[in-house]
Every structure is written in C-alpha cells, then in structure tokens.
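Data block below; observations after.
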Amino acid sequence: MQSNLVLPISKGKKLEAGVRADLRALRSDYRSALDSKLLDQYTNKLYYNENIYSAYIQLGDQQGKFSYLLGLRSELTDIRIFDRKETFDNRKNYLNPFPTLHIGYLIDSNVSVQLSYSRRINRPQFSQLNTFGGLSDTRNLTIGNPDLDPMYADSYEIGILSKTGKWTLSPTLYYKHSTQNIEYALKETQPGYLIRMPFNLDNEDRMGIELAVQYIPFKWWRLMLDANYFGFRQKGDFENKIYRASGQTWLTRLTSKVNITKVAAVDLGLDYQSGVKGIQTYTKPVFSGKLGAGRDFRGDKFSLNLTVTNLFNSKVRTQITQTDTYYVQNRQYWPQRQIIATLTYRFNRKKGEGDRLPGS
C-alpha cells in the first residue's frame, strides 16, 4: 500500500513525499521421510512475518547548469520468525534512515558531471532465513539462518557522461562501505558431513570503476559495452572463527542490436564474469550468451519476440572450497539452451507505454 505526492514549488524545483507499507506472511511446511518413516530432524514448519512501514521526502531543483536532488527515506521494520517445534523465536524491530544526495553540473551540451551519495538496505531472502528449505544430500546440506540481519551499504560515486558524434561514454568511480554483509560459511559437523550456512560479516570495503560505452556505427546498428572492475576487502567472524578475504574481480556485458527494418530487430548479448576468491570459496569464471529477435505487426499492436537463452550452454557456476580436512566442488547449472516465443497484443496503448492507474 502506498501514496505519493508531487508538488511543483517553482520553475525547476519540485518536492516529493510519500508513505508505503509492505506486509508479508510466509510459511514453509517441510516434511522429509525415509522408507515411509518421517525424519524428525528434517521436518518442521517455519513462520515468517515481516511488516515494513516507510516514508520519504525529497527536494529536487535545476537552475541553469546546476542541479541537485536531496532525499531522506525512513523505514520501520517489524519481524518475527519462529518454528512449529519452538526451537527458536526471533523478533526484530528497528528504525533506519536512508539519506540520498545527487549533485549534477552541465559542463557543456555534451558533457556533464554527477556526484552522489546514498545509503541502502539489502534484506536477506526467505531461502537464506529458512532452516528447512530442502533435503537433497544429508552429507552436504545448505540451510538458512533465521538470525540473519539485513546488509547496509553507503555508496559514494563520481561519474561523467560524454557524448561525441557516434560515441557515448560514461565512466564512474565508486566506493562502497557495507556492514553486515551476507556470506556463506561451510563447516564440517563430523567427518564427511558438511553444512553450508549464511551469516553476517562485519564489513566489506569495495572500490572500483564502471564504464558504459555506446557506439552507433550506422543508424541501424548499435553496440553497447558495460564493464565493472573492483577490488574488495572483507572481514568478520562467525561461531568463534575469523574470516578474511581480499581481491579483485571484473564483469562485462557486450550487446549488439541490429534494426533490420523499422519494425524488426535482432539482439545479441554476451556476458562474462571473472573468477573470484571469497572468504572460503573460489568461484570460477562464467560466460554466457543470449540471442533475441522481434518484430511488430499492424503498427505496434502486435509484437512477436523470440529469445534463445543460455546460447552456448555455458552458464555453469563452479565453486571450490578446500581446507586441511576436506575438498568440495559444487556446480550450479542454469537451464539448458531454450527458445522462448512471446506474442503481445496491446489494447488502447502504445509500445513502451507504462501501466496506467485507474482513472488516468
């Protein structure tokens, strides 16, 4: 449930405010049996209730070459998570402010600079909280942690946007300080039996550069490159064990879009993420591709789109964990190459038009 207000104050200046409530009640009833006999240690029901109440206000202004946006959002969170067997009953209630500041300056008609600061929250997923999420191998279990806290991040950025002829360049330097980062720890409960569980790290510092490039060699062909390189340092402790990690990694995406006609186009996307060593685990590089084609009919009333996902059947995440007492290699396979066809018909609206509110 939400309500928003937009109030123009003067030319170029605008005040926005709003309130919102997000209410969730999730249940996970898990049962496991062997030879028709219930395995009591793997059978339980989880109850998760989360109520988030938020309000925000922001003021934006643009005068000549200078612009700014100043905002503040506040969230009141009320959480209760418990199980049927009454082995735990966690309650959390906290109030958090999230300020934002964006300052822009237009050097000339083709070059602009922006400075920004923001504080954000990243809440744990339900699967990371659920201790009874699934049983596939009793010797190698992944379980949730109902005591997980959300992650908080303070981000500082300085970016430039430059347009020259057929080129558009947008480099951004950034620094991010995060607290209560969610990471996974693998521990041996007894010889040959392992449990993987999420926990909150103390903090992570990350510094890097993002680069977005667009090149239009012809009116019918557009090339886009997005790249991100960063170094990081993590530290924390969990169950009386200290964890440390530092390193660097990079990822990139190359997209090519060809407009065959005014109503038909072909897209090719290639993604690559380099290998990275975390607090316990080394993740190998991942390469993948996607191919798409689309055509509009009868103006833009009908659209037919064909998409080939996992184009090279290469989307596999391999993670290796090695200690003095065990070696574990996990592979996560995405669905094999698939061809997806989508047919869209638009009633009283144009292509690219957003959803309309009742009465608008």
Please go through the stretch 119-163 and give me each residue that is among the small types (Gly, Ala, Ser), in a strand (DSSP E or B) and surrounded by fewer than 16 Cβ atoms within 10 Å (Cβ to Cβ), ordered by number.
162
In the stretch 1-27, what residues are at pLDDT below 90 and either within 24 Å of the chain's Cα centre (by Cα) or not in a strand (DSSP E or B) (or both)?
11, 12
Do the conditions hold for residue 312, that is, is it of a type in the set (Phe, Trp, Tyr) and more than 25 Å from residue 229 (Cβ to Cβ)?
no
Read through the list (1) closer than 24 Å to residue 183 by Cβ; (2) exposed (fewer than 15 other Cβ atoms within 10 Å of the Cβ), then give the number of the only condition that residue 79 fails.
(2)
Residue under question is residue 210, and the condition is that it be of a type in the set (Asp, Glu), under 18 Å from the mean Cα position of the chain (by Cα) and closer than 28 Å to residue 148 by Cα; does it hold?
no
Subset of the stretch 328-349 (residues that are part of a strand (DSSP E or B) and exposed (fewer than 13 other Cβ atoms within 10 Å of the Cβ)):
329, 331, 332, 333, 338, 339, 340, 341, 342, 343, 345
Would you pick out the residues in the stretch 135-161 that are in contact with a Ser or Thr (Cβ under 8 Å, 6 or more places away or on another chain) and over 21 Å from residue 176 (Cβ atoms)?
135, 143, 144, 145, 146
Out of 194, 251, 268, sole residue that is modelled with pLDDT of 95 or more, more than 22 Å from the chain's Cα centre (by Cα) and in a strand (DSSP E or B)
268
Looking at residue 82 and the list (1) more than 20 Å from residue 52 (Cβ to Cβ); (2) at pLDDT below 95; (3) in contact with a Phe, Trp or Tyr (Cβ under 6 Å, 6 or more places away or on another chain), which single condition is not satisfied?
(1)
Counting only residues that are at pLDDT below 95 and either under 30 Å from residue 236 (Cα atoms) or in contact with a Ser or Thr (Cβ under 6 Å, 6 or more places away or on another chain) (or both), give me the strands (runs of 3 or more DSSP E) lying completely in the stretch 274-327 with at least 3 of them.
316-322
So in the stretch 28-58, with the set limited to residues that are of a type outside the set (Ser, Thr, Tyr), surrounded by 16 or more Cβ atoms within 10 Å (Cβ to Cβ) and under 21 Å from residue 5 (Cα atoms), which one is farthest from the chain's Cα centre (by Cα)?
58
Might you let me know whether the stretch 294-302 holds any residue that is surrounded by 15 or more Cβ atoms within 10 Å (Cβ to Cβ) and closer than 30 Å to residue 250 by Cα?
no
For residue 6, which of the numbered conditions (1) in contact with a helix residue (DSSP H, G or I) (Cβ under 9 Å, 6 or more places away or on another chain); (2) within 26 Å of residue 97 (Cβ to Cβ) fails to hold?
(1)
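The values are calculated or read from the model by the stated rules, or taken from the named source; none is laboratory data. This is a predicted model, so every value here is computed, not measured. Every residue, glycine among them, receives a Cβ derived from its backbone with ideal geometry; neighbour counts consider all protein chains shown.
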